[in-house]
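What follows is a short report on a single structure.
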Amino acid sequence: MTNKEGRRLQFMGRSDADARFNIIPIAWESAPSFGKGGKDGWKAVLEASVHLEDFDVELGALPANEGIATQDVLAVSSLAPKAAMLKIASVARRAAEVSPGVFPLFLGGDHAITIGITDGFRDAGKCFDVVIFDAHADFRYSWQGSFVNHACVARRCSAHHNVLVFGVRSADSDELSLLQKSKNARALPFRASKGLNSAYLEQFRAELKKLKREVYLSFDVDVLDPAVVRGTGTPEPGGLSWFEALNALRVVFEEKNVLGADVVEFSPSLQVHGDAYFVAKLVYALCVLASQKK
């Protein structure tokens, strides 16, 4: 896992001992619905991250001083979906079992990695619910002949956890019907014409309060408006602005103890200039919010 100069890829170029933030790249892409290239998203983000400043002006914090470590990439795209999820679960379990003060942050990769990660957290004995930022409901029973698919993530997670999907603006009618009947899964649609107003944020906060104190957070970059990040396999118009996303993430960290997070579905082959940097900045913003939660 090296760059063009042969140096090992590390988030922000850092390799800190006893790091608070544990970055875990996962190269996985099984059956993309539209655009391809998600398995290489982690690499582009790590390469772009060296250009980040260590002080986050908007959020007012310097989490890099608490230490950032980057693990070797877990490359599982050559495996069958079930075998890949078992590998991911094993890595996630070990990440969840380290010191409670360490925040694991997974870089995808296809959104399906969230299935394996949450399996691993359960294997580590964690009791938690799941919050997903996504433009899509991801509540299909199966997709393209697979139960382990980015379109099924919320459905798979809901077999073991309460699930809240935030920012939805595209869904199949059958998915919506199933969500309405579900006892442990909820989707909050986002309508760009109304924006992320205070009433919508308070509705989000109220839904979060119904979940367990501990949550796992999954962030699919397609929840963002394509004007922010275009490089994703299934872009949807009318998404969250940069600051709307930060404000919503703030609410999650204010209300919940976030055990870990992932950032998924960034496809560098589809990006325009700057996309990888923006996603790297999002990853760092998650570190900031976790740091401020102490």
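The numbers here are math on the coordinates, done by the rules we state, and not lab data. Given the structure is predicted, the values throughout are model-derived calculations rather than measurements. No Cβ is skipped: glycine too gets one built from the backbone with ideal geometry, and neighbour counts run over all protein chains shown.
When the dipole is taken about the Cα centre of the chain, and only Lys, Arg (+1) and Asp, Glu (-1) are charged at their Cβ, what size is it in debye, to the nearest 20?
With only Lys, Arg, Asp and Glu charged at Cβ, the dipole is about 720 debye.
For segment 11-27, what does the Karplus curve 6.51 cos²θ - 1.76 cosθ + 1.60, with θ = phi - 60°, yield as ³J(HN,Hα) per residue in whole Hz, taken in order and with x for Gly and Pro?
5, 6, x, 9, 9, 9, 6, 6, 6, 6, 10, 10, 8, 10, x, 10, 9
Just rank VAL223, VAL73, VAL288, VAL153, fewest to most, by other beta-carbon atoms within 10 angstrom.
VAL73, VAL288, VAL223, VAL153
Quick one: putting +1 on the C-beta of Lys and Arg, -1 on the C-beta of Asp and Glu, what dipole do you get for segment 173-282 around its Cα centre, in Debye to the nearest 20?
Here the size comes out at about 520 debye.
May I ask for the percentage of alpha-carbon pairs in segment 209-294 that lie more than 22 Å from each other?
Pairs farther apart than 22 Å: 26 percent.
Treating segment 145-294 as a set of equal point scatterers at the Cα positions, no solvent, please give the Debye-formula log₁₀ I(q)/I(0) at q = 0.10, 0.20, 0.21 Å⁻¹.
-0.35, -1.53, -1.65
Non-local amide H neighbours of ALA187 (under 5 Å, H modeled in plane, Pro and chain starts lacking H): which ones?
Amide H neighbours of ALA187: VAL165.
Counting Lys and Arg as +1 and Asp and Glu as -1, each charge on the Cβ, what is the dipole of segment 136-226 about the Cα centre in debye, to the nearest 20?
Once rounded to the nearest 20, the dipole reads 440 debye.
Among LEU59, PHE121, ASN162, pick out the residue whose Cα is farthest towards the positive end of the charge dipole of segment 11-292, where Lys and Arg carry +1 and Asp and Glu carry -1 on C-beta, about the Cα centre.
In segment 11-292, that residue is ASN162.
If R₀ is 25 angstrom, what is the calculated FRET efficiency for the pair SER78 and ALA17, using the beta carbon separation as r and rounding to 0.05?
The pair SER78/ALA17 has a calculated efficiency of 0.20.
When the label point is put 7 Å from the Cα of VAL272 along its Cα-to-beta-carbon vector, which residues of segment 203-229 have a backbone N closer than 18 Å?
221-229
Measuring from label point to label point, each 7 Å out along Cα→Cβ, what is the LYS293 to ASP174 span in nm?
The answer from the label model is 3.5 nm.
I need the fraction of alpha carbon pairs in the chain separated by more than 24 Å, rounded to a whole percent.
Percent of Cα pairs beyond 24 Å in the chain: 45.
Hey, how many Å between the Cα centroid of segment 11-31 and the Cα centroid of segment 209-225?
19 Å
For the charge dipole of segment 11-292, defined by +1 on Lys and Arg C-beta atoms and -1 on Asp and Glu C-beta atoms about the Cα centroid, which residue among SER291, ALA151, LEU46 has the Cα displaced farthest towards the positive pole?
Of SER291, ALA151, LEU46, it is ALA151.
Under a 5 Å amide H to amide H cut-off, with H placed in plane at 1.01 Å, what residues pair with LEU240 once short-range neighbours are removed?
Result for LEU240 returns LEU224, ASP225.
Mean residue ellipticity at 222 nm from the helices of the chain, using -39,500 (n - 2.57) per DSSP H segment of n ≥ 4 over the full residue count, to the nearest 500 deg cm²/dmol?
It lands at -10000 deg cm²/dmol.
Figure the gain on full extension for GLU202 and GLU254 (residue separation times 0.36 nm, minus the Cα-Cα span) and round it to one decimal in nm.
Residue separation times 0.36 nm, minus the Cα-Cα distance, leaves 17.5 nm.
Compute the signed sum of charges (Lys and Arg +1, Asp and Glu -1) over the other residues within less than 10 Å, Cβ to Cβ, of ALA27.
Taking every Cβ under 10 Å from that of ALA27, the sum is -1.
Near the amide H of LEU74, under 5 Å away, which other amide H atoms are found, from residues 5 or more places off or on another chain, if H is placed in the peptide plane?
For LEU74, the qualifying residues are ILE26, ALA27.
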